[in-house]
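What follows is one structure encoded as structure tokens, with my remarks underneath.
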Amino acid sequence: MDEETLKEKFKQLNPYKTPVISDPFTNEIIDVESINKKAFDHIIEELKAVKKSGESKILVLQGEPGSGKSHLLARVYRNAEKERFLFALYNPLIIRIESTYHSLLKSLFDSLERKHTTLRTKPINHLRGEIIRIGLLGYRGEEDPKTNLIINEICNPKKEKLPYVNYENFESLPNDTKTRLRKVISENALEYVKKNSDFTLGKRYLLAIFEALIDTNTYDTLLELVNEGGLSKEDCSKLRLSSGFNINEDVAQEILRSIFILSPFPILLSIDQIEHLDRRLGEEGIRHFLEDTVSLVEHSKKLLLLLSAQTAIFRKWMTVLPVHIKDRLSNTATLEPMTADQGLEIIKARNAYYFKKLNETPDDPYFPFNKEMLLEEIKKHRMRSPRNVIKLADDILEGKIIEEVPTTSIEESYESIFKKQIYKKEEMEDSLGELLLTLFDGKNLYPHSKKIVIKLDNYFIGIDNSKANYYPSVKKLTLSLSRNHSAKGVLIRDEKLPIREGTKSSKLIDKYKIAIRYFNKDEGKSILALQKLISYTESGDLELPIEEVKTFAKKKVEAFLEGKTIELTKNISEVRKPTTTQLKQNERIAETVVKITKELDRFRILRISHFVDLNANKDIINDVISALQSKENIRVIERNGDFLIAKEDL
């Protein structure tokens, strides 16, 4: 093949169009291992220390935008089996207020389900194998010879093996034997957790969690519980949980700590791009989040918490955080600037990867670039980050004029993120909610709830992709509509999750004439990509004009909304007249809110149960809470089935 043809085919692969890694789990990551080697070695040494002592630790990874944090995390992940640890990634592009532990729990399960080609199995199978081993230790039941042989091999292996082998051996048993043994295993696993937590853990619902973890028939239902926070009555019975069981922060923390105890290896929990919290939560939110994570480390075993942040943001935090938090964040690893020679190695590695796709190996490893020209440009523009070298190569390949720093258009950046984006229905809820709040000045009516209802112009918009637990969203929508009779309600959902006919939800939807906007997978991916585009730009990971990025994203979101069910900035002429019952209920709500507001002038903190019977007045609780939350200086927090009310300045 002649050079021009080869160059053209090479360009068609877009080898330098993706300077940002949005997913360290992907197989297509080209890494130069000499870059940030000291930081990598530091992380591995910390993991070894955690493994040896069993005590949990925190390590802060800091560096400039584009310095290779995400590449480094991907390298750490690929070495998980070799170094004997489990890797979990939490990306706080979206974070629910006061839902730190549940968010971490969802991220843990998502990470344990991901498998890189360099790994022999999904990490979740190592956890399953260890739970099975722990649960069968000392088992003396009467079993057939083959079953006894397998149990003995699990508990007393003849040679060292990875834990997933225990799971595979267990799965080879007859179904009725596995069903019977799972109950034994979950009981013994619970006792193990109790003993190794000094009996600070051990609630009975953990039996259902442990059993579902090792049961392929119910594991998907467990994942649904983790992701959605609750289940239908039918699905609760599948897991042998009480009807109405849901995952609050206390439950999420107990499950997390139990998994850390049962894990065969230390768990590295990486919270990447934590600088996004700086813009979205403010000092109080950051302090709350870090206090939660530090508390998790202090009360857990075999955990290394890796916080990745930009250097400037981390230094800023250290000036405002309480002393006890700063002390726990004193262990740091710093990413070093890239050298010019390492920049050339990036080009060689990318070239080799993409030419392999073409079954070609050019004599010049830098082809179609000129090595001397590349080196000159890297030095001339003092490029110290891998990202700028990748942009430089792309601009040269496209024939652009190189000025101070190579540039990429907003459209190109969006398309690149969209192409790599993995659709997750739960994350789409959060991303769309965040876009409506930040781009359109929407108002989150229930900021402390897991369900999203946003007021935008004359619309109340609910966003809910729960498989079965969507009634709370519909209920919140109808409560909002009952107080504003000129507004219109819209429920946005994945098209693969239609509302079931004849349910309480469908009846309320019909009664209040709520429109349903179903979206497809590509539309969901687009929303996720737009939210990441803004976040990467704000953090400096993408060097784009932020106001232009927001304008671009706003037009895309408008296209998603308009022409379907929503006409932005236009009022709805249809008015629903309130009934006599509704008017009386509204009066009760207003009286209760006034009474609570007056009492807050006398007392620092109040319980809503002192003013409203939580069991007898369920019909007005949400309305009272919503009215209190709408006041600028009042904060409402759910605690153990009750609600605490306080002034914001306390």
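The values are calculated or read from the model by the stated rules, or taken from the named source; none is laboratory data. Everything quoted here is computed from the prediction, not taken from an experiment. Positions of Cβ are generated from backbone atoms using ideal geometry, with glycine treated the same way; all protein chains shown enter the neighbour counts. Just the protein is used for accessible areas: all its heavy atoms, side chains included, with ligands, DNA and RNA removed. Shrake-Rupley method; radii C 1.70, N 1.55, O 1.52, S 1.80 Å.
Based on what the data block shows, is residue 292 part of a helix (DSSP H, G or I), farther than 30 Å from residue 2 by Cα and either free of Cβ contacts under 8 Å to residues at least 40 places away in the same chain or open to solvent by less than 70 Å² (accessible area, probe 1.4 Å) (or both)? Walk me through how you get there before you give the answer.
On the way: part of a helix (DSSP H, G or I): yes; farther than 30 Å from residue 2 by Cα: yes; either free of Cβ contacts under 8 Å to residues at least 40 places away in the same chain or open to solvent by less than 70 Å² (accessible area, probe 1.4 Å) (or both): yes.
So residue 292 fits the description; yes.
Determine whether residue 119 is open to solvent by less than 50 Å² (accessible area, probe 1.4 Å), more than 30 Å from residue 277 (Cα to Cα) and not basic (Lys, Arg). Answer is yes for this residue. Regarding the stretch 279-289, can at least one residue be identified that is within 22 Å of the chain's Cα centre (by Cα), buried (at least 18 other Cβ atoms within 10 Å of the Cβ) and not basic (Lys, Arg)? Checked the stretch 279-289: at least one residue is within 22 Å of the chain's Cα centre (by Cα), buried (at least 18 other Cβ atoms within 10 Å of the Cβ) and not basic (Lys, Arg). Residues of the stretch 144-168 that are in a loop (DSSP other than H, G, I, E, B) and open to solvent by 30 Å² or more (accessible area, probe 1.4 Å): 144, 156, 157, 158, 159, 160, 161. Listed by first and then second residue, the pairs linking a residue in the stretch 364-389 that is farther than 23 Å from residue 544 by Cβ to a residue that is open to solvent by 40 Å² or more (accessible area, probe 1.4 Å) and not in a helix (DSSP H, G or I), with Cβ atoms under 8 Å apart and 6 or more places separating them unless they lie on different chains, are 371/364.
Which ones in the stretch 257-289 are touching a strand residue (DSSP E or B) at 6+ places or on another chain (Cβ under 9 Å), more than 23 Å from residue 321 (Cβ to Cβ) and assigned to a helix (DSSP H, G or I)? Matches in the stretch 257-289: 257, 259, 260, 261.
Restricting 78, 84 to those that are open to solvent by 10 Å² or more (accessible area, probe 1.4 Å), out of contact with any helix residue (DSSP H, G or I) (no Cβ under 9 Å at 6 or more places or on another chain) and at pLDDT 80 or above reduces the list to 78. Per this entry, residue 510 is counted among residues that are free of Cβ contacts under 8 Å to residues at least 12 places away in the same chain and in a helix (DSSP H, G or I). Given the criteria at pLDDT below 85, surrounded by 17 or more Cβ atoms within 10 Å (Cβ to Cβ), of a type outside the set (Lys, Arg) and in contact with a helix residue (DSSP H, G or I) (Cβ under 9 Å, 6 or more places away or on another chain), does residue 428 qualify? The answer is no for residue 428.
Selection of the stretch 460-470 for residues being crowded, with 24+ Cβ neighbours inside 10 Å and either modelled with pLDDT of 90 or more or within 14 Å of residue 561 (Cβ to Cβ) (or both) yields 460, 461, 462, 464. If the condition is being without any contact (Cβ under 8 Å) to a residue 24 or more places away in the chain and out of contact with any Lys or Arg (no Cβ under 7 Å at 6 or more places or on another chain), then the stretch 420-448 contributes 437, 441, 444. Taking the criterion of being of a type in the set (A, V, I, L, M) and either buried (at least 19 other Cβ atoms within 10 Å of the Cβ) or at pLDDT 70 or above (or both), the residues of the stretch 626-650 that qualify are 627, 628, 634, 636, 637, 644, 645, 646. Does residue 187 count as open to solvent by 60 Å² or more (accessible area, probe 1.4 Å), farther than 27 Å from residue 83 by Cβ and either in a helix (DSSP H, G or I) or at pLDDT 95 or above (or both)? Criteria met by residue 187. Taking the criterion of being over 19 Å from the mean Cα position of the chain (by Cα) and closer than 15 Å to residue 430 by Cα, the only residue of the stretch 520-538 that qualifies is 523. Close contacts from the stretch 181-196, counting a first residue that is more than 15 Å from residue 130 (Cβ to Cβ) and a second that is among the polar types (S, T, N, Q) and open to solvent by 10 Å² or more (accessible area, probe 1.4 Å), with Cβ to Cβ under 9 Å and a gap of 6+ residues or different chains, come to 194/200.
Going residue by residue through the stretch 292-306, is there one that turns out to be touching a helix residue (DSSP H, G or I) at 6+ places or on another chain (Cβ under 6 Å), at pLDDT below 90 and closer than 15 Å to residue 61 by Cβ? No, that holds for no residue.
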